[in-house]
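The values are calculated or read from the model by the stated rules, or taken from the named source; none is laboratory data. Note that the coordinates shown come from a computational prediction; the quantities given were computed from them, not determined experimentally. Cβ: placed from backbone, ideal geometry, glycine included. Neighbour counts: every protein chain shown. Note: areas computed on protein heavy atoms with side chains; ligands, DNA, RNA excluded. Shrake-Rupley method; radii C 1.70, N 1.55, O 1.52, S 1.80 Å.
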Amino acid sequence: MQKLIGGGLVVLACVGGALHLTWQRREGLRTLEQLMGALLLMERELGRGEPDTETLLALAARSVTGPAARFFQRVGEALRRNAERPLAELWREEGEALALPPAARTAFDAVGQLLGRYDAREQRAGLHAAAQTLQEIFRSTKEEEKQTSRLTLALGSCGAVFLLVLLL
């Protein structure tokens with residue numbers, strides 16, 4: 001009976017681990033999608049006028065949820081507290097908490113370099129380019145995620161069965 005319970009726990013642990021990995025990757029995709037939407041919102045707002053950077057960050061924070069919202073809130077707070085520090089530095093530091101693929105991180109960090117430094121037209125162009133890059137990465141990552149999640153679940157299940165056979 002103990003072996004059966006132990007085996008069941010091993011199966012649950014392996015499948016649970018696989019499900020957790022799949023969930024983490026999907027959360028990363030949601031964050032990427034939210035960041036993309038926030039950048040497009042910032043681009044539109046710059047097209048309507050020339051709001052200051054703090055206003056753009058506040059609008060972005062209100063338009064998204066989860067890690068993306070926390071990112072924009074923290075950058076806005078850090079900017080208010082440390083006005084002498086460059087926005088690019090604050091943006092990069094706070095962005096480290098976001099689980100982004102390397103290519104997405106490069107495009108996203110570039111936004112911190114341009115906000116508040118150039119005229120509205122150049123900022124809009126940079127925001128649009130970064131959003132387009134994030135969108136391309138989102139599409140390719142989403143396709144990979146479909147295949148990877150099935151593979152992860154299959155490997156987790158097979159590993160669980162293999163361990164179960166070894167234990168019993």
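Tabulated data for the structure shown
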| quantity | calculated |
| --- | --- |
| Tensor-based shape of region 67-115 (alpha-carbon gyration tensor, a/c under 1.5 rounded, otherwise prolate or oblate) | oblate |
| Alpha carbon convex hull of the chain, volume per residue in cubic angstrom | 120 |
| Under Karplus coefficients 6.51, -1.76 and 1.60, residue-wise ³J(HN,Hα) of region 83-96 in Hz, glycine/proline x | 4, 7, 7, x, 4, 4, 5, 5, 4, 5, 4, 5, x, 5 |
| Hz values of 3J(HN,Hα) by residue in region 116-131 - Karplus curve (6.51, -1.76, 1.60), Gly and Pro given as x | x, 9, 10, 6, 4, 5, 5, 5, 4, 4, x, 5, 5, 4, 5, 5 |
| Apportionment of accessible area to carbon and sulfur, region 48-168, percent (1.4 Å) | 54 |
| Whole-angstrom gap from region 123-146 to region 46-70, using each part's C-alpha centre | 18 |
| For the chain: accessible area per residue (Å², 1.4 Å) | 59 |
| Peptide ranges 31-39, 97-105 listed from the most packed, as the mean C-beta count within 10 angstrom indicates | 31-39, 97-105 |
| Taking the chain and dividing mean pair separation by its residue count, relative contact order in percent (alpha carbons under 8 Å, at least six apart) | 39 |
